[in-house]
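For reference, the structure is listed below as C-alpha cells.
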Amino acid sequence: MIETIKRCVCDACGAQGPEALESESPERLAEREGWAVDRAGGEDYCPACAAKRKTSASA
Ligand SMILES: [Zn+2]
C-alpha cells in the first residue's frame, strides 16, 4: 500500500511541521509541538509565528 505523509506548513514562514502518516492527524501532531492549527482548513502557524501573532493585535 501507499502511505501518504502529511504535514502542516506554516502559512507565515513556510516552516514544515511534524510528519504524520495517513492514520495520524498532522494537525494533532503539530498542536502537540506548539503549532496554532486551524482545523477548519484555515491558516496554520508554526510555534514562532503563532507567538508573534499572539503578541500583535488580533483582528
Ligand atoms: Zn512560521
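Read-outs throughout are calculated quantities, based only on the coordinates presented, and are distinct from any laboratory measurement. Just so you know, these numbers come straight off a predicted model, no measurement behind them. As a convention, Cβ positions derive from the backbone with ideal geometry for all residues, glycine included, and neighbour counts pool all protein chains shown.
What percent does the relative contact order of the chain come to when contacts are Cα pairs within less than 8 Å and at least six residues apart?
Worked out over the chain, it gives 28 percent.
Centre-to-centre separation between the Cα atoms of segment 35-52 and those of segment 6-20: 9 Å. As a calculated quantity, the FRET efficiency between Ala40 and Glu3 at R0 = 25 Å, using C-beta atoms, amounts to about 0.45. Count Lys and Arg as plus one, Asp and Glu as minus one, and take only other residues whose Cβ is under 14 Å from that of Ala36; the net charge is then -1.
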